[in-house]
Amino acid sequence: MSTSEKSLFGHPKGLYVLFFTEMWERFSYYGMRAILFLYLTKSASEGALGLPEDTAGAVYGLYAASVYLLTLPGGWIADNILGQKKAIWWGGICIMIGHGILALPASPSVFFLGLAFVAVGTGLLKANISSIVGELYPEGGAKRDAAFSIFYLGINLGSFLGMFIVGYLGEKVGWHYGFGAAAFAMFFGLINFRVNGKYLQNVGEKPLKKSSYTYLYVVIGLLAIAAISVTSGMLDSIQLANSMKYIISGITMAYFFYIGFLDKSLTIIERKRVGVLFILFVAIAIFWSGFEQAATTFTIFADRHTDRDLFGWELPASWFQNANSFFILVFSAPFAALWIWLNKRNLNPNVPLKFGLGLIQLGLGFLVMYFAAQKILDGSLAGMGWLTFTYLLHSLGELCISPVGLSSYTKLAPKKYYSQMMGLWFVGASLGNLIAGLFAGNFDEGNVDAMPDLFMQFCMYGAAAGLLMILFQKQIRKWMGGVD
């Protein structure tokens, strides 16, 4: 029996194997992420590292950027050496080891080594697990979009549980207990992938023709380890993070240029689609640069400027990030059903229009934070509703962009560059996370008066980018060559 014949609720059983593997991996990633910036900035007397906000922001940005940047060579390794399934397996093992290192109450250098292991492992796992989801639906269409929405539900179920459990353990029990819980989560994900991998036959296998350039991932992995390790004091992490902004942008543009203009094996239609993929890359980088402030500036706002009292108990600041996961869990299924319902009536919004709507909602979320920041200038605390409403707007924007973008990349990518293009999608997230980390350096205790204007900047960026996507939607759709 083929993989496609083994179905459950109208979808291949392999989708649910990937669902739960990704759920546990995202439990570990987002759970750890929920407490990471707090651990970096809280004082040594509280058991943390006590870094200044600008340094902590650079460290966080370098780590988060490395996590997604390494999906590009991770995709290359899968396409040329391991195949997607083995890349996922070995990536998960690296992630588990990394979180295990973070659980050790050791020196900052050891802690940063743990971050590097997580970054390298995620580079192998993240793009390739999304690629296999696309391979389960060779026919494409709205059903594939629905599958990615279901897959996205697993991502957010994992992050929801991870932020609650790791966040509580980290803030209320001990930071390293939280990091240890993340390691156990990845262990459960590996067990699921190994035991139920039989439902993924005929997809994600080793390439027929292997490449001998195995050193590529090793070299880039070592660079990632070096980039994170320097934050222990050997180099200026802020300067490095700022340099990485331009390096990532330059390399990505060169990569798109090579594929779209220099590779003569691609057809004209494929090249135009690569142009669309570049536009979507820019849009997603803008979106994530605002959205990923959940772990940095929004967490600072929750910790220092928000009244977190609930019936006499102070909520952990990290729990506010869970509002996003909650809203995704609530709205994922309705959105998936909505796209199919609209598609049957030829009313389904096209990809650039969905992106435009998502970016505008990002801008509106920062408009809410602008008013919240105005409220705290007199020394008072903001209510919990400000952050909650911002997360609602950002979550709805995410549902318009992220699952739709993932699906679009699997449909528009040239077969020759399939996993590598999925890697480029996550490089957009890498650039966005790096910018979000650097932006957090502006939010120190002596710079509170500048907070409203800082939030307004991102409001304008998001709204302007969204309007541009909507204005040029017809031209972008024409370049997609009939793919919806």
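The values are calculated or read from the model by the stated rules, or taken from the named source; none is laboratory data. Note that the coordinates shown come from a computational prediction; the quantities given were computed from them, not determined experimentally. In this analysis, Cβ positions are derived from the backbone assuming ideal geometry, glycine residues included, and neighbour counts consider all displayed protein chains. Surface areas here come from the heavy atoms of the whole protein model, side chains and all, with no ligands, DNA or RNA. Shrake-Rupley method; radii C 1.70, N 1.55, O 1.52, S 1.80 Å.
Here are the numbers:
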| item | result |
| --- | --- |
| Kirkwood Rh and Cα Rg combined as Rg/Rh, the chain | 0.95 |
| Whole-Å semi-axes of the stretch 338-430's equivalent ellipsoid (Cα gyration tensor) | 34, 18, 9 |
| Additional length obtainable on full extension of the chain from E46 to D453, 0.36 nm per residue less Cα span | 143.4 nm |
| Value of Rg/Rh across the stretch 430-474 [Cα atoms, Kirkwood radius] | 1.13 |
| Rg [Å, one decimal], Dmax [Å, integer] - the stretch 68-149, C-alpha atoms | 15.3, 51 |
| Around Y370: net Lys/Arg minus Asp/Glu count, Cβ-Cβ under 14 Å | -1 |
| All-pairs alpha carbon distance profile, the stretch 268-407, 10 Å steps from 0, percent | 11, 36, 29, 16, 7, 1, 0 |
| Over 27 Å (Cα to Cα) - which of K264/K478; K86/K416; K86/K411; K264/K354 fall in this group | K264/K354 |
| Proportion of all alpha-carbon pairs of the stretch 325-483 beyond 25 Å (%) | 40 |
| Value at 222 nm in deg cm²/dmol, rounded to 500, when DSSP H runs of n ≥ 4 in the chain each add -39,500 (n - 2.57) | -24500 deg cm²/dmol |
| Rounded percent of accessible protein surface that carbon and sulfur make up, the stretch 30-179, 1.4 Å probe | 67 |
| Accessible area per residue, Å², the chain with all protein chains present, probe 1.4 Å | 39 |
| Debye equation applied to the C-alpha atoms of the stretch 390-484, log10 I(q)/I(0) at 0.25 Å⁻¹ | -1.43 |
| Largest-first ordering by accessible area, 1.4 Å probe, given options E314, E53 | E314, E53 |
| Residue order for R308, R194, R271 - accessible surface, 1.4 angstrom probe, largest first | R194, R271, R308 |
| Sum of side-chain charges, F439 neighbourhood, beta-carbon under 15 Å (Lys, Arg +1; Asp, Glu -1) | -4 |
